[in-house]
Amino acid sequence: MVFRHKHILGIEHLSRDDIQTILDTAENFREINSREIKKVPTLRGKTIINLFYEASTRTRTSFEIAGKRLSADTINISASGSSVSKGETLEDTARNLEAMHPDIIVMRHAASGAPHYLAERIGCSVINAGDGAHEHPSQALLDLLTIRQHKKTFEGLTVAIVGDIAHSRVARSNLYALTRMGAKVRLAGPGTMIPPGIERLGAEVYTDIREAIRDADVVMMLRIQLERQGKTLLPTLREYARFYGLNQENLKLAKGDAIVMHPGPMNRGVEISSYVADGNQNVILEQVENGVAVRMALLYLVAGGESKE
Ligand code: CP
C-alpha cells in the first residue's frame, strides 16, 4: 500500500485505504514498544518539532516518545516558553522554525485550521495534534486501533459518543473515521452541545444517553470542553453527571461485551463514574498505549516510509 500524504491535517482527507494503512503500520510498530531496547533507526537524521500552543499530557508525550523510538531528533516547544508569549505571530514563528530545516512539525492550537495555515506556508510535513473544536486525527486513529483490537472489524459496530459534541475535535475525527470504516455512530449530549446539522456527516443524534448507549458495542465518553464554551451550556455539573454521566447502571444498557473509552483527560464523577472508569470494560489506558504506536506510524508515513511501490 502506498501512502502519499505529506501532511496529516484531519481524518476528513483520509480514505478508507489510508486509515487501514495507518492502523496496520501502527500494529507493526506496537511490538517495538514492548522490547527491552525500544529504539529502531527508521527516522535517524530526521528532526521533529512538537509545537504545542495548548496544554497536553498524552498527545505531546506520545509524539515525543514516538519520535525518539524511531531515532528522530525531537524538540518540544510550548507557547508559554516560546517567543509567542512576546507577541510573535504564528507565521513568523513558523518561518523561523522552518529556517532550522525540520522534517515534521506536530502542532496543537486553539484555533481551528491553524495546522492547515502552517502547512500552506512552510515546506516540511505538518501533523495536526488537535486544532480547536475541528479535528484530532491521531486521537481518532488510536481509538480505531483500540476498537479493532477488541472487535476485529468496524463493519456493523455501533459506537456511541457521548458528551460535549459541539466542542469536541475527538468526536468529529472519530465520526469521520468510524463511518468511513463502516461503523454506525450515535452522538449524544444535551441539545446545547450538539452542533446543528451534524446528522449530515452520517451520525444518528440523541439527547437521551440511555437510548444512545442501548445495545452499543463501544461507548466513548467525552469531557465537557469548558475552555471552548463561550457561555454556560448546562445548569450544573451535578445535573450533567445525573443525565449524561456513564455509570454502573446505564452501562448495563450497552452490549455485555461493550468497551468503554475516553480520550482523556477524564473528569471523574462528571462524564464518567470512577467505578466505570476503572471497571473491567474500560480500555482507556490501552488507548494511551496505542497512541505511541499510532504516532510512530504517522511520523514514519509522512516521512516517506511507504511512498515507494
Ligand atoms: N486525548 C488528548 O488529546 O489528551 P491530551 O490533551 O493530554 O493530549
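Normalised by the residues of the stretch 249-305, what does the relative contact order come to in percent, with Cα pairs under 8 Å and at least six apart? Please list the in-between numbers first.
Working: 23 pairs, mean separation 18.8, N = 57.
This gives 33 percent for the stretch 249-305.
Let me check against my output: what whole-number percent is the relative contact order of the stretch 155-309, with C-alpha pairs under 8 Å and at least 6 apart? List each step's numbers first, then the result.
Working: 243 pairs, mean separation 33.9, N = 155.
Over the stretch 155-309, the number comes to 22 percent.
Relative to the longest principal axis of the chain, what angle (0 to 90°, nearest 10) does the C-alpha long axis of helix 284-302 take?
Once rounded, the angle reads 30 degrees.
State the number of lysine pairs found in the chain whose Cα atoms come within less than 19 Å, restricting to pairs 8 or more positions apart or on distinct chains.
13
Relative to the first principal axis of the alpha-carbon coordinates of the chain, what is the inclination of helix 16-30, with its axis defined by its Cα atoms, in degrees from 0 to 90 and to the nearest 10?
Helix 16-30 sits roughly 80 degrees off the main axis of the chain.
To the nearest 10 degrees, how steeply does helix 58-69 sit against the main Cα axis of the chain, on a 0 to 90 scale?
Helix 58-69 sits roughly 40 degrees off the main axis of the chain.
Using amide H atoms built in the peptide plane, which far-off residues or other-chain residues are under 5 Å from Val106 H to H?
Ile49, Asn50, Leu51, Ile127
Given the protein chains as shown and a 1.4 Å probe, how many square angstrom of Glu199 are accessible, to the nearest 10?
Surface open to solvent at Glu199 totals about 100 Å².
Shape verdict for the stretch 22-111, please, from the Cα gyration tensor: rounded (a/c under 1.5), prolate (a/b greater than b/c) or oblate. Walk me through the numbers on the way to the answer.
Numbers: a/c = 2.58, a/b = 1.91, b/c = 1.35.
Judged from the Cα gyration tensor, the stretch 22-111 comes out prolate (a/c at least 1.5, a/b above b/c).
Run lengths n ≥ 4 of DSSP H only: what is the helix-derived mean residue ellipticity at 222 nm for the chain, with -39500 (n - 2.57) per run over all residues, to the nearest 500?
Values: 10 runs with 107 residues, N = 309.
Estimated from H runs of four or more residues: -10500 deg cm²/dmol.
What does DSSP give for the chain in terms of the percent of beta bridges that are antiparallel, rounded to the nearest 5? Could the numbers behind the result be given before it?
Details: 1 of 36 bridges.
Antiparallel: roughly 5 percent of the beta bridges in the chain.
Once you put a point 7 Å from the Cα of Thr61 and another 7 Å from the Cα of Thr192, both along the Cβ direction, what distance in nm separates them?
Distance between the two pseudo-spin positions: 3.3 nm.
Can you compute the modelled spin-label distance between Ile37 and Glu199, with each label point 7 Å from Cα toward Cβ, in nm?
The answer from the label model is 5.9 nm.
Label points 7 Å out from Cα along the Cβ direction at Arg242 and Asn76: separation in nm?
My value for the distance between the label points is 4.1 nm.
Would you mind calculating the relative contact order of the chain from Cα pairs under 8 angstrom and at least 6 residues apart, reporting the percent as a whole number?
Working: 601 pairs, mean separation 68.8, N = 309.
Averaging sequence separation for qualifying contacts and normalising by length gives 22 percent for the chain.
The values are calculated or read from the model by the stated rules, or taken from the named source; none is laboratory data. The structure presented is a predicted model; accordingly, all values stated were derived computationally and were not measured. Every residue, glycine as well, gets a Cβ built from its backbone with ideal geometry; the counts of neighbours run over all protein chains shown. Heavy atoms of the whole protein, side chains included, go into the accessibility calculation; ligands, DNA and RNA do not. Shrake-Rupley method; radii C 1.70, N 1.55, O 1.52, S 1.80 Å.
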